[in-house]
Each structure stands twice: as structure tokens, then as C-alpha cells.
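Chemist: Have a look at the structure that comes next, please.
Only the coordinates and a few stated rules stand behind these numbers; no lab work does. Bear in mind the structure is a predicted one, so any value in this text is a computation, not a measurement. Here the Cβ is made from the backbone with ideal geometry for all residues, glycine too, and neighbour counts use every protein chain on show.
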Amino acid sequence: MSKATDHEVVSIYRHSDEQIDLLLTKAPECVLMWGTKDHWPVGVVHSFVWHDGKIWVTFAAHRHRAAAIRRDPRVSVTVSGRCSDDPECPLGAVTVKGRGEFIEDPELKDWFYHALAGKVSPDDKQGEDDFYNLLDSPLRLVLAITPVKWISFDADKSARHRAGTLAEEEMSPLQSADAQRLAAERAKRGIE
């Protein structure tokens, strides 16, 4: 495949592990998603830290998401490279299906508050200190999300493929959505 011929085939544009690590390090925000008691999917934008193979976020204990995640720790997190103004941040997005764990360890919470405050205000020591003080509250929870599955779309690879400049070896193997389900959907709709 030297040039993209089908705009519905996107599973061939996955990020490498190194790109995922860079995107999660450079992007400032994520969307944390969970299921409510009545099975509605809900998501909220959070500042976050990517550390030790986990996505770390924080929120107050009285938020509905706290009860929902305690009830069912399966969550998803989406991070877009478009929200970063860092030119090194890969384009596209990564979604993580993962399991959330509330962290109670005071040392880990202190580490995380400092890490998040430093990420939010990297060039402003006063802003960093103010944000740390805001975070350091007995009502605040820290959630660490351990990835179970990655869903990735590298927008740069997609653009280069459409332009005919993406090398075959840079493409990822087709996933089932494109390898089987796309053909079945086309057949169902009578599309060649």
C-alpha cells in the first residue's frame, strides 16, 4: 500500500511506544471517562501526570466520579496531541482502557501534587507553589490508572500516507475493525 486508498482504514496508523510515552508526557490534559450507576458514559477534562506506566489524576472525594470509580474501577482516558503547544508532542490521540486505583499513601500523594503542580506551572515557581497548596487538601483523591489496552491514532502517519510519503514498514498491522468488520459493514450496505 503506497498511498492511502481507503479513508475508513485507520488502524494502520498507530503510535510507537516511544511516541505514546512522549505524547503522554507532553500533553497537558486528558479526558477521564467512567460509567455512571445508570450506565451513562461520562468524561471530564483533567490535568494529569504520566509516570511509572500509569496516568495520574486528582479530584475531590465528593465528586460523583469518586463513587462511580469505586463501584467499577474500569475507566478510559483519552489524550490528544493537539492540546499541546509543544512541537515535540506527537499528533493524533491515544485512548487507554484501564483500571483506576485510589492512592492513599501520603508520600505518593505528596509526590503527585508536586509533579502535577510542576507540570501545570513549569516556569512559575509561585504558580507551582499555589497550585500545590490548592491540591494539598484532606478531601482530595489521587487516582492512578493502569493501562489494560491502548487505542492509538497517529495523525502524522495518516497525513503522510495520503501524501504518498509513508513507508510501508511504518504502518501497523490491520486491527479486526479494519480487517474484518469494515468488509462486513460494506457488504451489509451493498458497497463494493
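Chemist: Quick one: divide the alpha-carbon radius of gyration of segment 17-187 by 2.2 N^0.38 Å and tell me what you get.
Modeler: 1.18
Chemist: So for segment 17-187, taking the charge dipole from beta-carbon charges (+1 Lys/Arg, -1 Asp/Glu), which of LEU141, HIS62, HIS51 sits furthest toward the positive end?
Modeler: Comparing the listed Cα positions along the dipole, HIS62 ranks first.
Chemist: With an 8 Å cut-off on Cα pairs and a minimum separation of 6 or more residues, tell me the relative contact order of the chain in percent. Show your work: numbers first, answer last.
Modeler: Details: 313 pairs, mean separation 60.2, N = 192.
It rounds to 31 percent for the chain.
Chemist: With the crude spin-label approximation of a point 7 Å out along Cα→Cβ, what separation in nm comes out for VAL42 versus ASP85?
Modeler: It works out to 3.2 nm between the two label points.
Chemist: For GLN175 and THR78, what does the FRET efficiency come to when R0 = 22 Å and r is the distance between their Cβ atoms, rounded to the nearest 0.05?
Modeler: Details: r = 17 Å, r/R0 = 0.79.
FRET efficiency, GLN175 to THR78: 0.80.
Chemist: Only Lys, Arg, Asp and Glu count, each charged at its Cβ (+1, +1, -1, -1), so figure out the dipole size of the chain about its Cα centre, rounded to 20 debye.
Modeler: Values: 25 positive and 31 negative charges, 231 e Å.
So the magnitude is around 1120 debye.
Chemist: Order by neighbour count: VAL96, VAL42, fewest other Cβ atoms within 10 Å first, most last.
Modeler: Ordered from fewest to most neighbouring Cβ atoms within 10 Å, VAL96, VAL42 come out as VAL42, VAL96.
Chemist: Which of the trypsin sites (Lys or Arg not before Pro) found in segment 5-54 are loop residues per DSSP with 14 or fewer other Cβ atoms within 10 Å of their Cβ? Display every interim value, and only then the final one.
Modeler: Details: sites: ARG14, LYS26, LYS37, LYS54; in loops: ARG14, LYS37.
Counting only loop positions with at most 14 other Cβ atoms within 10 Å, the trypsin sites (Lys or Arg not before Pro) in segment 5-54 are LYS37.
Chemist: Let me ask you something else. Does anyone have the angle between helix 125-135 and the longest principal axis of the chain? Alpha-carbon axes, 0 to 90°, nearest 10?
Modeler: 80
Chemist: Give the angle, between 0 and 90 degrees and rounded to the nearest 10, that separates the Cα long axis of helix 17-26 from the longest principal axis of the Cα atoms of the chain.
Modeler: With rounding to tens, the tilt is 40 degrees.
Chemist: If I model a spin label as a point 7 Å beyond the Cα along the Cα-Cβ vector, how far apart are those points for GLU29 and SER137 in nm?
Modeler: 1.9
Chemist: Based on DSSP H runs of at least 4 residues, each adding -39500 (n - 2.57), what is the mean residue ellipticity at 222 nm of the chain after dividing by all its residues, to the nearest 500 deg cm²/dmol?
Modeler: Taking each H run of at least 4 residues, the total per residue is -9000 deg cm²/dmol.
Chemist: Another question, if that's okay. Looking at segment 9-98, which GluC sites (Glu not before Pro) are in a loop (DSSP not H, G, I, E or B) and have at most 16 other Cβ atoms within 10 Å? Spell out each step's value before the answer.
Modeler: On the way: sites: GLU18, GLU29, GLU88; in loops: GLU88.
Answer by residue number: GLU88.
Chemist: Take the alpha carbon atoms of segment 113-128, find their center, do the same for segment 22-70, and report the distance between the two centers in whole angstrom.
Modeler: After rounding, the separation between the Cα centres reads 19 Å.
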